[in-house]
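Here's the structure, in structure tokens; my notes come after.
The values are calculated or read from the model by the stated rules, or taken from the named source; none is laboratory data. These numbers come from a predicted model, not from an experiment. Neighbour counts are summed over all protein chains in view; Cβ atoms, including those assigned to glycine, are modelled from backbone coordinates with ideal geometry. All accessible areas refer to the heavy atoms of the entire protein, side chains included, with ligands and DNA or RNA removed. Shrake-Rupley method; radii C 1.70, N 1.55, O 1.52, S 1.80 Å.
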Amino acid sequence: MQDLYCSSQLLTALSPLPHPSVFVFEEIDSTNLEARRRFLEGDCGYTLLLANRQTAGRGRLGRSFHSPSAGIYLSLLAPVDPNTLVSSVSVTCAASVAVRRAISDTTGKQTQIKWVNDLYHNGKKVCGILTEAVTIGDRAALIVGIGINLRPTNFPDDLQQIAGSLNETTVSRTTVVSSLLHHLIPFLTNPSDHSWLEDYRSASCVLGKPVSWTENGVTQTGTALSIHEDGALSVRDNSGSLHLLRTGEISLRALEN
Ligand code: BTN
């Protein structure tokens, strides 16, 4: 299916933002890297970068993100006030809710959120989000990178048990991205808007579940309790102590067996 992005429709979706721009690449190393390069070269505006495929897609914790042409790969470069502390974890959480709403609105499919940045459908990861902060001199920006496995995809052997696709063949990528921007922009432009929290909590597949995590090199087990406004996850370990997780990741112990 011919599935090019429609820049004019995307610019309309970006219109609540001042002076937005859109760039579409057939192939690029990573839209997050390209956003960083543009920011460091002086790009000060809201910039949406989309790629048909990535050759070096980046995931959290130094991982790679498999990015064949069946997916949606985008980064939104968003200038922020360097004096205002914006938690990239909370932006990632808000973006998870925006992607979840967009998938539901445009495909009717429901996804679950695994703290902090993963969306699951039918037990497989279908979306990952990588939010990075970048500063130079007195300028700062957030780069919100989102990858969605939209079309049927053949994953390499090492990903087959983990990664899945929404298997959507009809909805256009422009439609999904426009909906995503519609849901994401209000959260980005108003960091004190925590209305994503309720959806995040109700779509979470970890709250109340037995989980494991690694803190200071030590693997612990316990139960996921709640998500805070800044995106932190509170967990209780099996000896009853509370921990607030802001980085790293958790494993759902039930899924490990
Ligand atoms: C993860 O699952 O750990 C996060 C994956 C984030 C992937 C997206 S795809 C678009 C953007 N460009 C990248 O290189 N990474 C993000």
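Things to note:
- Given charges at beta-carbon only (K, R positive; D, E negative), |dipole| of region 20-109 in Debye: 400 debye
- Rg [Å, one decimal], Dmax [Å, integer] - the chain, C-alpha atoms: 17.8, 56
- Area of LYS125 that stays accessible when all protein chains are in place (1.4 Å probe, Å², to 10): 50 Å²
- Backbone geometry of region 21-30 corresponds, through the Karplus equation with coefficients 6.51, -1.76 and 1.60 at θ = phi - 60°, to 3J(HN,Hα) couplings of 9, 10, 10, 10, 10, 5, 8, 8, 5, 7 Hz, x marking Gly and Pro.
- Our Cα-only numbers for region 1-131 put the radius of gyration and Dmax at 14.9, 46 Å.
- Helix content alone sets the calculated 222 nm mean residue ellipticity of the chain: runs of n ≥ 4 DSSP H residues at -39500 (n - 2.57) each, divided across all residues, give -8000 deg cm²/dmol.
- LYS124-SER64 pseudo-label distance in nm [points 7 Å out on the Cα-to-Cβ vector]: 2.0 nm
- Rolling a 1.4 angstrom probe over the protein heavy atoms with all chains in place gives region 123-178 an accessible area of 41 Å² per residue.
- Each Cα pair under 8 Å and six or more residues apart adds its separation to the average, and for the chain the resulting relative contact order is 17 percent.
- Under 19 Å from LYS124, Cα to Cα: aspartates and glutamates that are on another chain or at least 8 residues apart: ASP157, ASP158, GLU168, GLU249, GLU256
- Taking region 64-131 and dividing mean pair separation by its residue count, relative contact order in percent (alpha carbons under 8 Å, at least six apart): 24 percent
- Principal-axis tilt of helix 173-189 within the chain, Cα atoms, nearest 10 degrees: 70 degrees
- For region 41-188: relative contact order, % (alpha-carbon pairs under 8 angstrom, 6 or more apart): 25 percent
- Overall, the accessible surface of the chain at a probe of 1.4 angstrom is composed of carbon and sulfur to the extent of 49 percent.
- Close amide-amide hydrogen proximity is noted between VAL126 and LEU119, TYR120, HIS121, GLY164, each under 5 Å apart and 5 or more residues distant or on a separate chain (H modeled in the peptide plane; Pro and chain starts excluded).
- Using alpha-carbon coordinates, inclination of helix 31-40 to the longest axis of the chain, degrees: 70 degrees
- Among LEU166, LEU4, LEU244 the positive-end extreme of the charge dipole of the chain (Cβ point charges): LEU166
- Sorting THR174, THR247 by solvent-accessible area of protein heavy atoms yields THR247, THR174, largest first, with a 1.4 Å probe.
- Think of region 105-239 as having a plus end and a minus end, set by charges on the Cβ of Lys, Arg, Asp and Glu; of ASN190, ALA232, TRP115, TRP115 sits farthest toward the positive end of this dipole.
- Listed residues GLY208, PHE25, SER179: farthest to the positive end of the dipole of the chain (Cβ charges): GLY208
- Between helix 88-107 and the chain: long-axis angle, C-alpha atoms, 0 to 90°, nearest 10: 70 degrees
- Within the shell defined by Cβ-Cβ distances under 12 Å, the residues around LEU33 carry a net charge of +1, with Lys and Arg each +1 and Asp and Glu each -1.
- Inter-centroid distance (Cα atoms) of region 151-190 relative to region 112-143, Å: 13 Å
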